Amino acid sequence: MPTGFASRFYRLNILSFVGVSSLISPVLAQDRAAQFENLQVLPPDISQNDLGEVMLGNLRGLGLRRLAGEGCLFCHVGDMERPRDTWDYASDDKPTKRKARVMMAMVQAINQDHLANLETRIDPTHRVTCYTCHAGRTDPRPLATVLWEAYEAGGIDTAQSRYDALRGRYFGGDAYDFRGGVLVGIATRMADRGAFDDAIAMAALNVEVFPSEAAVKRPWVRLLLERTLNVSGVAAALDELDRMEPELAEGVVSPGLLDALGWRMFRQGRKPEATAILSRNLEKFPEEYIPNESMAFILRDRGELESALQVLEQWLDKHPNHDRARQLLINMRGG
Ligand code: HEC
Ligand code: HEC
């Protein structure tokens, strides 16, 4: 059984434990008595197996290849063209090894000094590991951050090809969140700085990836409308929606579509546009709650509190058990 330091720390499964000696032994079997030369975080008397387990935890956490020890070279000095017993595991020449040592001390501190001191634990045996943050990649930053960096560096084409590459390599694992919302966030951020063509291209890529998801198509339509709105005004944007609507799949033009666009305008201080859009939304969907609620907010913002309360009261007449409307009414009426 794996006992001792490494297993207490990393709690790796038995399978990885079994594989250790074959990875480590070419280096170590020659002199079993030899101590490791340069351990600063791990206990100096750690067994070969436990050390191997920790190193395999590093590989797994960072998504490095275990095959033929290739992943070890991310941190250790050596060369795939030379026998492994010539590799210099004790050397600190690689910055990645020096950083990994800091990481190991950090993980140790999180587990021993912080998690262990919680008053109760969901699971007292649960440990933070490299995988907790790295989830199978060396750079633990989230998809949105990585794509935005690519965009800033090389524009929309670079951002899109980075997305394709990451999706090709990591889809299905824990490493990146490939749900549609991430690209929507990035496209919206592009729109925020006025780069509408890029934003629409990003949203269109998302539609390519999720061709049948209304929730992904909606932001694409919203960005098209917003571009038109900026160039030709709010009436032109609403006309464009009327033209597009018959072509769009069911559910794309939902109450949330114009609602989102209206509140974007509102947040930008463009209240006449916001009002026009939210009013049209209420005309389109009088029987849905969202457009009614938004109208109540708009009216209150204009100082027309009585009309705002009326909208909610009328809604509640028709839907007496609607908690959200009831609670909003309580709030708007005040103490
Ligand atoms: C993510 C970086 C990283 C990877 C990948 C990694 N190691 Fe390490 N390794 C370290 C660090 C950091 C230490 C030093 C730990 C300390 O100071 O306590 C170390 C120490 C060692 C030592 C002890 C060297 C000595 O004499 O001081 C050996 C042996 C070793 N690693 C083997 C391996 C093997 C084999 C692999 C591949 C299966 C591997 N390591 C993968 C970071 C890594
Ligand atoms: C609490 C989250 C967290 C945990 C746990 C964690 N890391 Fe990291 N790691 C990071 C972050 C964040 C960075 C990027 C730091 C930077 O450069 O700004 C990073 C960077 C690294 C790097 C440098 C990568 C490079 O390309 O330069 C290595 C190597 C590394 N971690 C190894 C490990 C190992 C090994 C473990 C487990 C012992 C581990 N990390 C656990 C958050 C974590």
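The values are calculated or read from the model by the stated rules, or taken from the named source; none is laboratory data. Computed from a predicted structure; not experimentally measured. For neighbour counting, all protein chains shown are included, and Cβ atoms are generated from backbone atoms with ideal geometry for every residue, glycine included. These area figures cover heavy atoms from the full protein model, side chains too; ligands, DNA and RNA do not enter into them. Shrake-Rupley method; radii C 1.70, N 1.55, O 1.52, S 1.80 Å.
Quick look at the numbers
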read-out	value
Accessible area (Å², per residue) of the range 43-100, counting only protein heavy atoms and a probe of 1.4 Å	52 Å²
Highest-fluctuation residue, 213, 149, 37 considered, GNM on the chain with Cα pairs under 10 Å	37
Sites matching trypsin sites (Lys or Arg not before Pro) across the range 289-326 that sit in DSSP coil, with at most 13 neighbouring C-beta atoms within 10 Å	302
Computed E for residue 242/residue 36 - FRET, C-beta separation, R0 41 angstrom, nearest 0.05	0.05
Whole-number accessible area per residue in Å² for the range 144-299, which is evaluated in the context of all protein chains at 1.4 Å	46 Å²
Helix 323-333 axis, angle to the chain major axis (alpha carbon atoms, nearest 10°)	70 degrees
Sparsely packed GluC sites (Glu not before Pro) within the range 42-148, loop by DSSP, other Cβ within 10 Å at most 16	81, 119
Kirkwood hydrodynamic radius of the range 286-335, from inverse mean 1/r over distinct Cα pairs, in Å	10.6 Å
Over the chain - Rg/Rh using Cα atoms and the Kirkwood inverse-distance radius	1.15
Top positive-direction residue, dipole computed over the chain with Cβ charges, set 155, 188, 38	38
Dipole in debye (nearest 20) - the chain, about Cα centre, beta carbon charges: Lys, Arg +1; Asp, Glu -1	600 debye
Fraction of accessible area attributable to carbon and sulfur, the chain (%, probe 1.4 Å)	53 percent
Calculated [θ] (222 nm, deg cm²/dmol) that DSSP helices of n ≥ 4 give over the chain, each run adding -39,500 (n - 2.57)	-19500 deg cm²/dmol
